[in-house]
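Asker: Quick one: the structure is below, questions incoming.
The values are calculated or read from the model by the stated rules, or taken from the named source; none is laboratory data. All figures in this text were calculated on a predicted structure; none of them were measured in a lab. In this analysis, Cβ positions are derived from the backbone assuming ideal geometry, glycine residues included, and neighbour counts consider all displayed protein chains. Side chains included, ligands, DNA and RNA excluded: accessible areas come from the protein's heavy atoms. Shrake-Rupley method; radii C 1.70, N 1.55, O 1.52, S 1.80 Å.
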Amino acid sequence: MQSLRNFDGTDYVSLNINDSGINTRISSRSLWRQWNQLSRFQRNICYFVIITILLLIFYFLPGDNLNSISDNEIDYEGGNLDKITTKTFKIIEETHIDHNDHVDQNEGAAVGQVIEEPEFPPEINQVDDDQIGEPPQPKPNVLKFNGPQNERQKAIVKAFKHSWKGYKKYAWGRDNVKPISRGYHEWFGLGLTIVDSLDTMYMMALNEEYTDARNWVENNLKFDLNRDVNLFEVTIRVLGGLLSAYHLSGDKLFLDKATDLGDRMMPAFSTTSGVPYSDVNLGTKSAHSPKWGPDSSTSEVTSIQLEFRDLSRITGQPRFETAAAKVSEHIHELEKYDGLVPIFINANTGLFRKHATITLGARGDSYYEYLLKQWLQTGKTIDYLRDDYLLGIYGTEKHLVRRTAKNKYLFIAELIGVSRDMKPKMDHLTCYLPGTLALGVHHGLPDEHMTLAKELTNTCYQTYAIQPTFLAPEITYFNVQGIEDDNQLDMYVKNTDAHNLLRPEFIESLFYMWYFTGNKTYQDWGWKIFQGFENYTKVENGYTSIGNVRNPLNTRPRDMTESFWYAETLKYLYLLFDDTRQLVDLDRWVFNSEGHPLPMYEI
Ligand code: DMJ
């Protein structure tokens, strides 16, 4: 190092590295010379000593040093692979410890510390495999409920309370109330009306009723019943109801009940194809095909995935999601008719029943609904779900969309038998479709779907409006043949199809249409329909299904209130009359087939 002077007179320091380089080269040469003068034996001893020293260094180097890299040190941009890999391992270790079933054996273990393998029998260790680490987090919850905000919402809450009062008085803890005979009806023995109603009461801020129901669930809801139940119905109503109540309230009671129920339904998936049996005994944990035949309904086996996936995501146990998703994956591989599916599938062969009816009504409907909703639930990350949905709508437009001869009302027909003959008939169940189409369009699917949605909404509305009760029948037939008769009607109803079960599908669609368009006509249509329910289904102790919508003087009350009246029809009416359209955020929540909101996940 030298002190020198610049031309302008300022001082500077010069560091001469060349000299030291020369010295280094000289000393390396002499070292090399000395090394060559060693005998082979001496060199081997040197090798041995060097290797031993290196091994000792590696052995005693503390493991934590490898992990002690802070986020700031990680050069994500520059691709410092070693550091990123080390960090990733650390994250995996942390999540494994957090969610390991046996973590209590090692309480206090630090992250990265070696945890001794517990001595559990193999089957328990298998459960360990089931843990996938930290459950994916849903998008943030933005739900807040303040009770009814306007006259229409108040009227809906009043209707709910009236119906609930009858149920509580005459059927408490039973599946359904029979409001005329003041009795009850048991289907599964699971207090269906209570569990199905939990989230509706929560959203309506009916605190007293909600608390009663919550306490019943805590003290009385037991699944250890030696009784066959329908996998689909119990999934969408009971499992869906519990999960939704859990997400809205955060009350772990509901999650515990849901997990117990999910466990008990798992035997339904023990088939050779993975397509579940329709019936499962929650007490004996055994499952089988329905009594009436070997097949399961297509819509049933494909409309359990939202619930089973949600259960997995909250518990961190993937087996529920895996079993249910396998069904969708299997059906994805099956041959379809331009995306349309027959309504029966054999659980053992995993094959569709050849030439079964194709319909978007009973036994077909929610296959299409759950393709879209599963895609949304998983953050639009599973492409085949979206593609199968789009294909299904394409097939619908190609093969099922028809118009009446006179007023050109658009409806969704059915295809029957080997010849796939068109049957000009539409179940009320099909009136869920406009809502689902609108939901898809909002989430980026083709705008043309909205045209179909609007036209079908209008037709469904007509099925109500043309009846003197202003209530739609279960099934409507359509005139597609043009005849020279001014009196020809576009729609007609057969005697056997004239009942109304207080079903929700069209109200559900009105809610989506209102939510996405802001067109108040949809609210007004819903209000008129609600008047129909008020005028022709309301009785002293609640609301009842009726046998005939065509004659206001002879509605033939059926003395039955289905649980979906509370879970869906009244909930969707309440949401339809939410003028702010902000009560539920449809970018964050997806409703299951029974009207229970579940959170969307990022993946
Ligand atoms: C409900 O249980 C569900 O909406 C299901 O998807 C279809 N049937 C009833 C309502 O009609």
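Asker: Within the range 309-323, restricting attention to residues that are in a helix (DSSP H, G or I) and in contact with an Asp or Glu (Cβ under 8 Å, 6 or more places away or on another chain), which residue is surrounded by the most Cβ atoms within 10 Å (Cβ to Cβ)?
Answerer: Restricting to residues being in a helix (DSSP H, G or I) and in contact with an Asp or Glu (Cβ under 8 Å, 6 or more places away or on another chain), the top hit is Leu311.
Asker: I've got another one for you. Could you please let me know if Lys285 is within 24 Å of Arg353 (Cα to Cα) and either open to solvent by 20 Å² or more (accessible area, probe 1.4 Å) or of a type outside the set (S, T, N, Q) (or both)?
Answerer: no
Asker: Further question: Which members of the range 330-350 meet the condition of being surrounded by fewer than 19 Cβ atoms within 10 Å (Cβ to Cβ) and either small (Gly, Ala, Ser) or in contact (Cβ under 8 Å) with a residue 40 or more places away in the chain (or both)?
Answerer: Once the filter is applied, which keeps residues that are surrounded by fewer than 19 Cβ atoms within 10 Å (Cβ to Cβ) and either small (Gly, Ala, Ser) or in contact (Cβ under 8 Å) with a residue 40 or more places away in the chain (or both), the range 330-350 yields His330, His332, Lys336, Tyr337, Asp338, Asn346, Asn348, Thr349, Gly350.
Matching residues to (1) within 16 Å of the ligand (Cβ to nearest atom); (2) surrounded by 19 or more Cβ atoms within 10 Å (Cβ to Cβ):
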{"position": "Glu508", "(1), (2)": "yes, yes"}
{"position": "Tyr515", "(1), (2)": "no, yes"}
{"position": "Lys520", "(1), (2)": "no, no"}
{"position": "Ile529", "(1), (2)": "yes, yes"}
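Asker: Consider the range 351-360. How many of its residues are surrounded by 15 or more Cβ atoms within 10 Å (Cβ to Cβ), part of a loop (DSSP other than H, G, I, E, B) and not β-branched (Val, Ile, Thr)?
Answerer: 4
Asker: Still on this structure, I have one more. Under 9 Å between Cβ atoms, at least 6 apart or on separate chains: pull out the pairs that start in the range 419-440 with a residue that is at positive phi and end on any residue that is more than 15 Å from the ligand (Cβ to nearest atom).
Answerer: Within 9 Å, the pairs are Arg420/Tyr337; Arg420/His355; Arg420/Ile358; Arg420/His399.
Asker: Another one. In the range 219-243, which residues are more than 16 Å from the ligand (Cβ to nearest atom) and open to solvent by 10 Å² or more (accessible area, probe 1.4 Å)?
Answerer: Passing the criteria: Asn219, Asn220, Lys222, Asp224, Leu225, Asn226, Arg227, Asp228.
Asker: All but one of (1) more than 27 Å from the chain's Cα centre (by Cα); (2) open to solvent by 10 Å² or more (accessible area, probe 1.4 Å); (3) farther than 15 Å from Phe160 by Cβ hold for Gln582, so report the exception by its number.
Answerer: It is condition (1) that Gln582 fails.
Asker: Something else about it: In the range 244-281, which residue that is of a type in the set (S, T, N, Q) and touching a residue at least 40 places away in the same chain (Cβ under 8 Å) is surrounded by the most Cβ atoms within 10 Å (Cβ to Cβ)?
Answerer: By that ranking, first place goes to Ser244.
Asker: Is the range 555-568 home to any residue that is modelled with pLDDT of 95 or more, more than 18 Å from His185 (Cβ to Cβ) and open to solvent by 10 Å² or more (accessible area, probe 1.4 Å)?
Answerer: Yes: the range 555-568 contains one or more residues that are modelled with pLDDT of 95 or more, more than 18 Å from His185 (Cβ to Cβ) and open to solvent by 10 Å² or more (accessible area, probe 1.4 Å).
Asker: If I filter the range 480-500 for residues that are in a helix (DSSP H, G or I), at negative phi and within 15 Å of the ligand (Cβ to nearest atom), do I get at least one hit?
Answerer: Yes: one or more hits.
Asker: So is Ala405 closer than 24 Å to Glu594 by Cβ, open to solvent by less than 70 Å² (accessible area, probe 1.4 Å) and not hydroxyl-bearing (Ser, Thr, Tyr) or not?
Answerer: Considered against the rule, which asks whether it is closer than 24 Å to Glu594 by Cβ, open to solvent by less than 70 Å² (accessible area, probe 1.4 Å) and not hydroxyl-bearing (Ser, Thr, Tyr), Ala405 comes out as no.
Asker: Testing Tyr492 on (1) within 25 Å of Val539 (Cα to Cα); (2) aromatic (Phe, Trp, Tyr); (3) open to solvent by 30 Å² or more (accessible area, probe 1.4 Å), one condition comes back false. Which one is that?
Answerer: Just one mismatch for Tyr492, condition (1).
Asker: With the requirement that a residue be within 16 Å of the ligand (Cβ to nearest atom) and either at pLDDT below 95 or in contact with a Cys (Cβ under 7 Å, 6 or more places away or on another chain) (or both), what does the range 413-433 give you?
Answerer: Cys431
Asker: Can you tell me how many residues within the range 530-557 are free of Cβ contacts under 8 Å to residues at least 60 places away in the same chain and either among the β-branched types (Val, Ile, Thr) or touching a strand residue (DSSP E or B) at 6+ places or on another chain (Cβ under 9 Å) (or both)?
Answerer: 4
Asker: Still on this structure, I have one more. Restricting to the range 562-603, name every residue that is more than 16 Å from the ligand (Cβ to nearest atom), in contact (Cβ under 8 Å) with a residue 60 or more places away in the chain and of a type in the set (S, T, N, Q).
Answerer: Thr580
Asker: Does any residue of the range 446-459 turn out to be within 15 Å of the ligand (Cβ to nearest atom) and at pLDDT 95 or above?
Answerer: Within the range 446-459, none of the residues are within 15 Å of the ligand (Cβ to nearest atom) and at pLDDT 95 or above.
Asker: Within the range 361-412, take every residue that is in a loop (DSSP other than H, G, I, E, B) and out of contact with any Asp or Glu (no Cβ under 6 Å at 6 or more places or on another chain) and give me the one that is farthest from the ligand (Cβ to nearest atom).
Answerer: Among those residues, the one meeting the criterion is Ala405.
Asker: Go through the range 417-465 residue by residue and tally those that are touching a strand residue (DSSP E or B) at 6+ places or on another chain (Cβ under 8 Å), assigned to a helix (DSSP H, G or I) and buried (at least 22 other Cβ atoms within 10 Å of the Cβ).
Answerer: 6
Asker: Considering only residues that are more than 25 Å from Lys373 (Cα to Cα) and among the β-branched types (Val, Ile, Thr), which ones fall in the range 230-267?
Answerer: Correct list: empty.
Asker: Can you name every residue in the range 502-544 that is in a helix (DSSP H, G or I), aliphatic (A, V, I, L, M) and farther than 22 Å from Val441 by Cα?
Answerer: Ile529
Asker: Still on this structure: Kindly indicate whether any position in the range 545-561 is outside any loop (DSSP other than H, G, I, E, B), of a type in the set (A, V, I, L, M, F, W, C), under 25 Å from Tyr170 (Cβ atoms) and within 16 Å of the ligand (Cβ to nearest atom).
Answerer: yes
Asker: A further question on this structure: I'd like to know if the range 189-200 contains one or more residues that are open to solvent by 10 Å² or more (accessible area, probe 1.4 Å) and within 30 Å of the chain's Cα centre (by Cα).
Answerer: yes
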